[in-house]
Amino acid sequence: MQQHQRKEVQGWLNLFEQQKQSGLTAVALCRQQQINVQTYYTRRRDIRHQRKAASLCR
């Protein structure tokens, strides 16, 4: 994974954690952060799949 991609993934991970800690729904957080909710769910799914695949390769 390239460094830019790692930074982007880390940004999304931070956002997912922020949503979890805030108690807001994903939809409410996305509205607050002006993020498309479908993009939020897609990135969450993709990152989960990437991490699962990486852990299986170890």
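Give me a count of the residues in region 29-58 that are under 12 Å from the mean Cα position of the chain (by Cα) and on the phi > 0 side of the Ramachandran plot. Total meeting the criteria: 0. A count restricted to region 19-58 and to residues that are of a type in the set (A, V, I, L, M) and exposed (fewer than 10 other Cβ atoms within 10 Å of the Cβ) stands at 2.
The numbers here are math on the coordinates, done by the rules we state, and not lab data. Small disclaimer: the values here were computed from a predicted structure and weren't measured. Ideal geometry is used to build each Cβ from the backbone, glycine not excepted, and the neighbour counts take in all protein chains shown.
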